[in-house]
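The values are calculated or read from the model by the stated rules, or taken from the named source; none is laboratory data. As the structure is a computational prediction, the values presented were derived from the model and not from experiment. Every residue, glycine among them, receives a Cβ derived from its backbone with ideal geometry; neighbour counts consider all protein chains shown.
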Amino acid sequence: MTDTVEARVQALPPLRNVIAASRLSARKSLAQNFLLDLNLTRKIARAAGPIDRGTTIEIGPGPGGLTRALLLEGAAQVIAVERDSRAISALSDLEVAADGRLTLIEGDALKMPVATLGSPPRRLVANLPYNIATRLIIDWLRERQSFESITVMVQKEVGLRLCAEAGDTDYGRLSIITQWLAEAKLLFDVPAAAFTPSPKVTSSLLRLVPHAEPLFPANRKTLEMITAAAFGQRRKMLRGSLRKLGGKDLLAEAKINSTDRPETLSIGDFCRLSNVYDART
Ligand code: SAM
């Protein structure tokens, strides 16, 4: 075999050995559920789109199953941000094998300027720590211009909420903000048994492709406030849940029936409501 990065990555010890040697027993506090099946992690890496250009940013590489897959699938440059110092040590052999194509950063992804890491085009790929997944995704969408795509493993329940359409039971504030800013799609489910240790839930791979411009003009803070108020009391009619924000008058001006419930309104309706609210205040 020639001495390519691919060959060197393939020659590394199995992930289970790496975990044992570096005492990387999974910690619940860091939402550590590892993927050790290289066929699956390669499928995730391929779903991320063309990674042979620019930078692939991985959050939470852990023992490196997905990181190996990204390199094997031809990622030009991987920057991996990991909070657990044990994982950073466990990844040192992979960093050597990657011959400059992998940069490890020890740190908290919630506090990291992820959108400016490496050079564009940037693609974000991760088997996310589920306890902070929604926060991370919403933060990244604030800087969506920085990313070509965001391809992440999340709890299926979270994925369904982000991708839900008006009328669906999962439709809510997160669906609206997410799809206002990006095209959201669930690619495939991954059963709990595919993870070590197994979480209690089914997971799904979610792909977000940011829109160049939000779907409709609106002020993000106002849209967040209106949707929070509307879905905070989702069984109430809008004239009740939006009473403090203008109630019936606001709804009439936005040409929305005051007896409607929030799950029947489209993203465009919510943007119109936000704009009318802003014009009135
Ligand atoms: N990518 C690995 C895999 O698929 O096997 C591990 C995925 S595991 C679900 C989540 C990873 O995120 C863990 O390695 C954990 O240590 C890391 N993590 C948790 N919180 C983090 C944070 N705030 N910043 C960066 N990494 C974090």
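For residue 169, state whether it is hydroxyl-bearing (Ser, Thr, Tyr) and within 24 Å of residue 117 (Cα to Cα). First the steps, then the outcome.
On the way: hydroxyl-bearing (Ser, Thr, Tyr): yes; within 24 Å of residue 117 (Cα to Cα): no.
In short, no.
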Name the helices (runs of 4 or more DSSP H) wholly within the stretch 187-281 that hold at least 3 residues that are within 24 Å of the chain's Cα centre (by Cα) and not assigned by TED's automatic domain parsing to the domain that holds residue 47?
220-232, 267-280
Every listed condition ((1) crowded, with 19+ Cβ neighbours inside 10 Å; (2) more than 24 Å from residue 198 (Cα to Cα)) holds for residue 60 save (2)
Any residue in the stretch 22-49 that's assigned by TED's automatic domain parsing to the domain that holds residue 76: show its pairings with residues that are within 9 Å of the ligand (Cβ to nearest atom) and aromatic (Phe, Trp, Tyr) at Cβ separation under 7 Å, as long as the two are six or more apart or on different chains.
26/34; 31/130; 33/195; 34/195; 35/195
Which members of the stretch 251-281 meet the condition of being touching a Lys or Arg at 6+ places or on another chain (Cβ under 7 Å) and of a type in the set (A, V, I, L, M, F, W, C)?
251, 254
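Within the stretch 246-277, restricting attention to residues that are β-branched (Val, Ile, Thr) and surrounded by fewer than 17 Cβ atoms within 10 Å (Cβ to Cβ), which residue is farthest from residue 223 (Cα to Cα)?
The first filter runs over the stretch 246-277 and keeps only residues β-branched (Val, Ile, Thr), leaving 256, 259, 264, 267, 276.
Cutting the leftovers down to surrounded by fewer than 17 Cβ atoms within 10 Å (Cβ to Cβ) gives us 259, 264.
Details: 259: 20, 264: 16 Å.
Out of the qualifying residues, it is 259.
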Hey, residue 59 hits all of (1) more than 7 Å from the ligand (Cβ to nearest atom); (2) of a type in the set (Val, Ile, Thr); (3) under 14 Å from the mean Cα position of the chain (by Cα) but one; which does it fall short on?
(1)
So for the stretch 1-22 (the condition being surrounded by fewer than 17 Cβ atoms within 10 Å (Cβ to Cβ), closer than 24 Å to residue 200 by Cα and more than 10 Å from the ligand (Cβ to nearest atom)), does at least one residue qualify?
yes
